[in-house]
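Just so you know, all these numbers are worked out from the coordinates, no wet-lab data involved. Predicted model, so just to flag it, every value in this text is computed and none were measured. Positions of Cβ are backbone-derived with ideal geometry, glycine not excepted, and every protein chain shown enters the neighbour counts.
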Amino acid sequence: MGQFVYEKDADGVVTITIDLDGAVNTVGEEFLLGLEEVVTKLKADSDLQGVIFTSAKDTFVAGGDLEKLLAAETEEDVKELYDYVQSFKALQRDLEKLPVPVAAAINGSALGGGLELCLACNYRVAADRHDLRVGLPEVGLGLMPGAGGCVRMVYLLGVQGAMPYCIEGKQLRPQQAVDAGIIHKVVSADELLADAKAWVLGARGNKDLLTQPWDTKGYRVPGGISNAPKNLAMISGGTAMMFQKTRGLMPAPARILDVMVEAAGRLDFESALRYESRRFVGLPLLPETKNMIASLFFGLNKVNGGASRPKGVPKSKVKRVGILGAGMMGQGIAYCAAVAGIDVVLKDISLQAAEKGKAYTAKLFDKKVARGHKTEAEKEEILARITATDQKEPLEGCDLIIEAVFERIDIKDKVLAEHQELLAEGGIWASNTSTLPITRLSQSSNNAAKFIGMHFFSPVDKMPLLEIVVGEETSDETLARSFDFARQIKKTPIVVNDSVGFYTSRTFGSKLEEAAQLVAEGIEPMMVENLSRATGLPTGLLSLHDEVSLSLTRDVYETQVEMGLRDPKDDATPAAREFLHEMVGKHDRKGKAHGGGYFDYGSDGKRLWDGLSAWRKEGHAIPDQDVKDRIIFRAVIESLVVLEEGVLRSVADANIGSIMGIGAPVQTGGYLQYVNTYGVQRFKDRCDELAAAYGERFAPPAILQEHAADNRPFV
Amino acid sequence: MQSEAFIFDAVRTPRSKGKSSGALHEVKPVKLLGGLLNALEQRHDLDTAYVDDVVMGCTSPLGDQGSNVAKAAVINAGWDESVPGVQLDRFCASGLEAVNIAAAKVGSGQEDLMVAGGVESMSRVPMGSAGGAMFADVEYVFNNKSVPQGIGADLIATIEGWTREDVDAYAVESQKRAAHARDGGRFDRSVIPVKDENGFTILERDDFIKPGTDMQKLGALNASFEAIGGYGYDDMALSRYPQVAAIKHVHTPGNSSGIVDGASAVMIGSEKAGKDLGLTPRGRIVSTAVLATDPIIMLIGPGPAAKKALDKAGLTVNDVDLWEINEAFASVAMRYMKDLDIGHEVTNVNGGAIAMGHPLGATGAMLVSTMLDELERQDKKRAMISLCVGGGMGISTLIERV
């Protein structure tokens, strides 16, 4: 069993080194027991001179026992959690009341409960490590800092000052944390313990240094108390801003702000700590929280950990990548690869076009240099890795070539034929496409086993997802090496088998189609736009479709029909199809970039296109919930079908793919996790209802019926 | 009255110390009230849309309990959007004033169902936060000889010749009765435990009562108003009471009402409301009265107010079974008994605010539940509820079981 190692030196200073089981120290049962033991010992130590907390791990302490939080179901579980945080807080109070100085020597990242422990120390010094972060990331998983974090941060920084860290989960590098007033000092890693000790020895007997701000009589919370007249309007306005950001769909940020405001002078310190506990412990029972923990933590780890990567293939690295086409996608891929230390050959038909693609990386670095995050030298080093060219020769010997040219089979075939010989022995050819069938493309290859699809998302440097598409003949080794490349460039790879629209495009399309269907049925378009946003989608679906362009939807569909990949007879939403056809063909409403789609775009913003009144049926309305459910359920059902067809290899891939790639509302936990907390049976019943009212496309797929029959969640 | 004002139910929160160390400090005033509204809703399977109005007393209607705490609580409790709410302030009588207004509106036929009560989180909004001319206007205080109520309480004791021992003895009895009543479950019907959002109980029963209180313990306490009396308040008061040589300061925290947090709610309605909703009345409001006496001695209004209520009802002191006078100070209760010529054995039979505390705006309606429960327990008919009120006012409400 791991422990809190207690070592007292000749000066009477005790160093407590946290060394729990596992790779990282987390705040769980073991942590509490260890802390309790050392605090008891410290309190009993009569010639104690000071205390230093540090960690034996690469991180200081990072996070809490998420498995336990995820498993919480009953009132007893909530009570247990309440008792747990209250016990942790009591120990923090004990530390704060010790008559000697207590320092935190933060040797690695201190996150969540780790930072909360540090906040209960009189002095916080961090090692100057580029990968060290301090912060309270709980909100990102639908939780809140529940071990004193909200309360102590408010005392340190004021309500407004603490908001980015408590409500947005903003993490800081060591120097930023000093500037923010969260920690006191940064020193080099090898000076860390010496600095902590020097501080402890110097602070002995100095009452001001030994007393926490919140225990200091007359201490004023920065920015003033909540009930100060100047703050009252800010509290209400801050709540509104938070609602706008979360669309009222996230319970945690509202609770965090409430605790912060109460802590700023409405409650005394101890009551505020207790109030924080009360508001925290109920969160793990909420579906939003469960969804976020299940997908954004466990699901993401599973995906990145290689759940869909073939086993038995040794880990590989790409040394030299060729990128064909220096357009929007190609230049983004070049940037990611160069940053990851890979030599890049970026080719386009003209040197000018290739150079322009390379300049994209320079531009991104210029911003970082301006902000002081990178140096000019670092920028030059990265740029030196990118060779811009219009010649074939530099591609010679690439172990991976990614083709990112225009989405047309004939062009892609031509580029393949011209360049495939340049690959190094055993090299992989990847086609970046969002819609074209990989198996078909691979037929033009001289080695289909080494051919794979890589569906990048735009803008590539920002979007974390990569959808890897496995063709019928793609080998396991090719897949494994592609997966490794994705990790090498820090993307999260999901793996899908070749099918029309893969996973993401197909599911994304179903939402847009359903929105078009609603409009075609005569529902007020503004209702469709706003209710789709109200589900938590980042953008209203009519605006989104305008961005994507209605003509692209139509073109892709028609291409797929032409290629025999789709049969119009099977179209789930023929009214939507007809509507889009008319919008594009008859009215030239192709989308935002083409002068307007659902909306007209002017200098004073956008307004619905008047011509939509041709479809609008006055008085035709369906319940708001039905509109919202039709949109989300279409995407979920599509995901279930994709899983059923074996296109997806894991549930986690679907959840992560939907959140990171196609804007699934995070509180759903992704389009399959959503079913779990909705209730599998309940979800099936609702599908039946929707199918009866709106059509067979909502009928529960077989896989859902199976899971509902034995109440089995999708994991 | 055109119709009867029936009492269908009366509930309250437990009371706890009105300081940051008190159990209810962390509970917002809207939540204190909300718990009671939801309890009424659940106990009676109440269609809240039927409620015509919610009237809540509060003496420091600012900060967390400002901006019409009654309507805020109604919305926050999830009651039907058609239910309005109003907050009123008649100082310490606010809770009972709310009840009386509800009775008047129902009795006049203007409304059919109302909820009346009050809230005071003295830990979150300390007494005196509202300021006002009586406390903070030099011209007013000087011209009107506006002195703190404790000076008036000590003046009453001085005039009546009651010693420190007399008032302490009253306080010991209050503590004894309150502990006995609480521990015997006499408040259980009306006291709704305060819970958090997880369903965990924050406070189950009154925890302000100090059962071990005796004369010796009380005797050790310092008089609360001696020092400020000496600053000049005594002289200001005595300028109107030249017959008194000097004020004897006998009141201490031990024989004065406690500073606590709490809330109350009484559901009052017409016969029609009872029929429509299937509610059985527990009692009715017979008559109410409010008046004012000398604002300097301030606290001698309750006796006259009770007499006024009796006169209106055409009843006499002998027609009343139980009496409840808010124990703002021991001398107030003792003066009330003297004025009405009634004994302690029928007055404050379950103790009072000296033991349990006085959450200012809430207390009046709390006493309705206390009396209703006790009338039922003893199978008696009528009870008079009275409070002294700032500015020399007094208030009374006569209730009877039906």
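Which one of A:663, B:146, A:111 has its Cα pushed farthest toward the positive end of the charge dipole of the protein assembly as shown, where Lys and Arg give +1 and Asp and Glu give -1 at the Cβ?
B:146
Where Rh denotes the Kirkwood radius from the mean inverse Cα pair distance, what is Rg over Rh for segment A:320-495?
0.96
Give, rounded to the nearest 20 debye, the magnitude of the charge dipole that segment A:147-267 has about its Cα centre when Lys and Arg contribute +1 at Cβ and Asp and Glu contribute -1 at Cβ.
280 debye
I want the antiparallel fraction of DSSP beta bridges within segment A:320-495, as a percent rounded to 5.
Antiparallel bridges make up about 15 percent of those DSSP assigns within segment A:320-495.
Can you give the % of DSSP beta bridges in segment B:1-154 that are antiparallel, to the nearest 5? Mind dumping the intermediate values first?
Numbers: 0 of 10 bridges.
Counting DSSP beta bridges with both partners in segment B:1-154, the antiparallel share is about 0 percent.
Considering chain B as a Gaussian network with a 10 Å cut-off on Cα pairs, which listed residue, B:305, B:362, B:265, attains the greatest mean-square fluctuation?
B:305
Taking the Cα centre as origin and putting +1 on Lys and Arg beta-carbons and -1 on Asp and Glu beta-carbons, what dipole magnitude results for the protein assembly as shown, to the nearest 20 debye?
1480 debye
Karplus couplings for segment B:334-346 from phi (6.51 cos²θ - 1.76 cosθ + 1.60, θ = phi - 60°), rounded to Hz, Gly and Pro as x?
Per residue, the Karplus-derived 3J(HN,Hα) values read 5, 5, 4, 4, 5, 4, 9, 6, 10, x, 5, 5, 10 Hz.
Tell me which trypsin sites (Lys or Arg not before Pro) from segment A:174-279 have a DSSP coil assignment and no more than 13 other beta carbons within 10 Å of their own.
Those that pass, being in a loop and sparsely packed, are A:217, A:220.
Take every DSSP beta bridge with both residues inside chain A and express the antiparallel ones as a percent of the total, to the nearest 5.
Around 25 percent antiparallel, to the nearest 5.
Among the listed pairs A:170/A:606; A:245/A:347; A:592/A:617, which have their C-alpha atoms separated by more than 31 angstrom in this model? The partial results should precede the final answer.
Details: A:170/A:606 33 Å; A:245/A:347 41 Å; A:592/A:617 25 Å.
Distance filter (> 31 Å) returns A:170/A:606; A:245/A:347.
Any idea which of A:492, A:602, A:536 is furthest toward the positive side of the dipole for chain A, if Lys and Arg beta-carbons carry +1 and Asp and Glu beta-carbons -1?
A:602
Rank-order B:379-388, A:80-89, A:688-697, B:246-255 by packing density, defined as the average count of other C-beta atoms within 10 Å over each peptide's residues, highest first.
By packing density, highest mean first, the sequence is B:379-388, B:246-255, A:80-89, A:688-697.
If the reach is capped at under 24 angstrom between alpha carbons, list the lysines near residue A:207, excluding any in the same chain fewer than eight residues apart.
A:8, A:41, A:43, A:89, A:97, A:185, A:197, A:217
Could I have the simple spin-label model distance between residue A:593 and residue B:200, label points 7 Å from Cα toward Cβ, reported in nm to one decimal?
5.4 nm
Need the full-extension length gain, residue A:233 to residue A:75, defined as separation in residues times 0.36 nm minus the C-alpha distance. One decimal, nm.
So the chain would gain 53.2 nm between residue A:233 and residue A:75.
Would you mind ranking A:533, A:152, A:712 by Cβ crowding within 10 Å, fewest neighbours first?
A:712, A:533, A:152
Rank the residues A:42, A:136 as a footprinting-exposure proxy: fewest other Cβ atoms within 10 Å of their Cβ go first. Please list the in-between numbers first.
Working: A:42 19, A:136 32.
Ordered by Cβ neighbours within 10 Å, fewest first: A:42, A:136.
Check cross-link reach from residue B:275 to the lysines: straight Cα distance under 20 Å, and skip same-chain residues fewer than eight apart.
B:105
What is the calculated FRET efficiency for residue A:603 to residue A:380, with r their C-beta to C-beta distance and R₀ = 41 Å, to the nearest 0.05? Present the calculation step by step, with values, prior to reporting the outcome.
On the way: r = 40 Å, r/R0 = 0.98.
E(calc), rounded to 0.05, equals 0.55.
Separation between the residue A:424 and residue A:689 pseudo-spin-labels, each 7 Å from Cα along Cα→Cβ, expressed in nm?
5.8 nm
Filter the trypsin sites (Lys or Arg not before Pro) in segment A:584-671 down to the DSSP loop ones having no more than 11 other Cβ atoms within 10 Å, then list what survives.
In loop regions of segment A:584-671 (DSSP not H, G, I, E or B), the sparsely surrounded trypsin sites (Lys or Arg not before Pro) are A:617.
Quantify how strongly other chains surround peptide B:196-203 by giving the mean number of their Cβ atoms within 10 Å of each of its Cβ atoms.
5
Among A:150, A:398, which comes first, then next, by fewest other beta-carbon atoms within 10 Å?
A:398, A:150
Based on Cβ point charges of +1 for Lys and Arg and -1 for Asp and Glu, what charge dipole magnitude is obtained for segment A:320-495 about its Cα centre, in debye rounded to the nearest 20?
The dipole magnitude comes to about 780 debye.
Which residue, B:148, B:281, B:126, has the most motion in a Gaussian network model of chain B that connects Cα atoms within less than 10 Å?
In this elastic network of chain B, the residue with the biggest mean-square fluctuation among B:148, B:281, B:126 is B:126.
Set the Förster radius R0 to 22 Å, insert the Cβ-Cβ distance between residue A:207 and residue A:11 as r into 1/(1 + (r/R0)^6), and round the FRET efficiency to 0.05.
Details: r = 20 Å, r/R0 = 0.92.
Here the calculated transfer efficiency is 0.60.
Between residue A:406 and residue B:319, what is the spin-label point distance in nm, taking each point 7 Å from the Cα along the Cα→C-beta axis?
10.1 nm
How much mean residue ellipticity at 222 nm does chain A get from its helices, if each DSSP H run of length 4 or more adds -39500 (n - 2.57) and you divide by all residues, to the nearest 500 deg cm²/dmol?
On the way: 29 runs with 338 residues, N = 715.
Value at 222 nm, helices only: -14500 deg cm²/dmol.
Cross-link list B:307/B:381; A:363/A:392; A:379/A:490; A:392/A:414; A:290/A:490: which exceed 23 angstrom alpha carbon to alpha carbon?
Long pairs (Cα-Cα over 23 Å): A:363/A:392; A:290/A:490.
Please enumerate, by chain and number, the aspartates and glutamates with C-alpha under 13 Å from the C-alpha of residue A:590, excluding those fewer than 8 residues away in the same chain.
Hits, sequence-local ones excluded: A:546, A:547, A:555, A:582, A:600.
First measure r as the distance between the Cβ atoms of residue A:616 and residue A:363, then evaluate 1/(1 + (r/R0)^6) with R0 = 30 Å and state the FRET efficiency to the nearest 0.05.
Using R0 = 30 Å, I get an efficiency of 0.10.
Please compute, for peptide A:274-282, the average count of beta-carbon atoms on other protein chains lying within 10 Å of each residue's beta-carbon.
Whole-number average of other-chain Cβ neighbours for A:274-282 is 4.
So what does the Cα-only Debye profile of segment A:3-285 read at q = 0.16 Å⁻¹, as log10 I(q)/I(0), no solvent term?
After summing over all Cα pairs, the log10 values are -1.29.
How many partner chain Cβ atoms sit within 10 Å of a residue's Cβ in peptide A:258-271, on average, as a whole number?
The per-residue average across the peptide is 3.
Given the Cα-Cα distance of residue B:217 and residue B:165 and 0.36 nm per residue of separation, how much length would full extension add, in nm? Walk me through the numbers on the way to the answer.
Values: separation 52, 0.36 × 52 = 18.72 nm, distance 1.18 nm.
Between residue B:217 and residue B:165, full extension yields 17.5 nm more.
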